[in-house]
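Here's the structure, in structure tokens; my notes come after.
The values are calculated or read from the model by the stated rules, or taken from the named source; none is laboratory data. Just so we're clear, the structure is a prediction, and the values are computed from it rather than from any experiment. Cβ placement follows ideal geometry from the backbone for every residue including glycine, while neighbour counts extend to all protein chains displayed. With ligands, DNA and RNA removed, areas are computed over all heavy atoms of the protein, side chains included. Shrake-Rupley method; radii C 1.70, N 1.55, O 1.52, S 1.80 Å.
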Amino acid sequence: MQSAAPVSEKVAEELVTSHYDIRGRVTRLSGERDQNFLIKDPQGQKFLLKISHPAEDPAVTDLQVSVLLHPARKDPSLPVQHVIPSVENNAIEYAELNDGSKRSMRLVSFVDGMLLKDAKPSVALHRNLGRMLARIGLALRDFEHPAAFHPLSWDIQHATSLVEFLPRVKDGALRSSLESVFDKFATVIAPSMGNFRRQVVHNDFSADNVLVFAGDNSEVSGVLDFGDMAHTPLINDVAVAAAYLLGDSEDLLNDAAVLVGGYHEVNPLLKDELALLYDLVTTRMAVRIAITEWRAIEFPENAEYILRNTPRSCLQLNRLLSLDQFRAQHELIRFCHTE
């Protein structure tokens, strides 16, 4: 998706005033696809204005709004963003901009907190991360939307769609490792998941998408960015979160195991689901590396930024593959007690 013409802070201010009757200071925020603006009114209340890319499918925009409305009804205490209706009582509004494009936009509450990546790690924090992800899973288990089924490269169930890009990976050893992981997923893992529980999940529970309280780093204060949500086996959501908590020391799986245990306390996982967790975490790591390698090739001018975390991911994948699978699988689910 090509970048869209930027929207100025002045235009954003005019849009939020005319469509939401909110006046305040407007500050541009970063965003990969959407153009995001922080709105702070004179009373200190904060909002986030999201203006979609003009090429975004309207069904996807509706999905991203609907998925925030659903948890608010099922579990109102969940710390997710809340959709602010416009003066016309619409969750989504549209604007004709000077470049001739028609953009959809929505206003949501702004969630304060410290990014997880800046928080002090602890057992309590990792357990609470698992519990929070489980609560989101429970809140979304009956959520349905036709756009949730669109193929997404980041969705583990579509991992083999990345095989076609592997010949372009220059590092032969890395290419061989990725091919091995994807081949096992296609021939062994995916066929075993046919009867797994499936639903819409967050699918990107990362250190950039979770906030914690500044005064108590062990408690989650907010969960952001449902942009990679997917209708997929429930266990994939756990595998994604666990992959983000892989360590660099001898305790490669320790923090991830605590998260998995916390999840299982709130939303118990089934034996068949847990039995594949090690392979799903490994597959997610391969997906992450393959996508970043592909994007770096497609956008060489930005390759250094795109690949900034890839060396660490490659080391973690190699360590995963070097472990005894039976022992690693047991280590990853050791805090889960099943009958």
In segment 90-111, is there at least one residue being modelled with pLDDT under 95, crowded, with 16+ Cβ neighbours inside 10 Å and in contact with a Gly (Cβ under 8 Å, 6 or more places away or on another chain)?
-> yes
Filtering segment 9-41 down to residues that are at pLDDT 90 or above, part of a loop (DSSP other than H, G, I, E, B) and open to solvent by 50 Å² or more (accessible area, probe 1.4 Å) yields Asp21, Arg23
Those residues of segment 126-150 which are touching a strand residue (DSSP E or B) at 6+ places or on another chain (Cβ under 9 Å), part of a helix (DSSP H, G or I) and over 21 Å from Gly227 (Cβ atoms) amount to Asn128, Arg131
State which residue pairs qualify: first residue modelled with pLDDT under 90 and inside segment 210-223, second residue part of a strand (DSSP E or B) in any location, beta carbons under 9 Å apart, and separation of 6 or more residues or different chains.
-> Ala214/Met114; Ala214/Ser221; Asn217/Met114
When segment 242-299 is examined, which residues are found to be open to solvent by 10 Å² or more (accessible area, probe 1.4 Å) and of a type in the set (S, T, N, Q)?
-> Ser249, Asn254, Asn267, Thr292
Mind counting the residues in segment 42-71 that are in contact with a helix residue (DSSP H, G or I) (Cβ under 8 Å, 6 or more places away or on another chain), open to solvent by less than 50 Å² (accessible area, probe 1.4 Å) and not hydrophobic (A, V, I, L, M, F, W, C)?
-> 3
For segment 80-109, how many residues are out of contact with any helix residue (DSSP H, G or I) (no Cβ under 9 Å at 6 or more places or on another chain), part of a loop (DSSP other than H, G, I, E, B) and in contact (Cβ under 8 Å) with a residue 24 or more places away in the chain?
-> 2
Looking at (1) open to solvent by less than 50 Å² (accessible area, probe 1.4 Å); (2) in contact with a helix residue (DSSP H, G or I) (Cβ under 8 Å, 6 or more places away or on another chain), find the lone condition where Val188 falls short.
-> (1)
Closer than 18 Å to Arg168 by Cα, open to solvent by less than 10 Å² (accessible area, probe 1.4 Å), at pLDDT below 95 and of a type in the set (Val, Ile, Thr): does that describe Ile306?
-> no
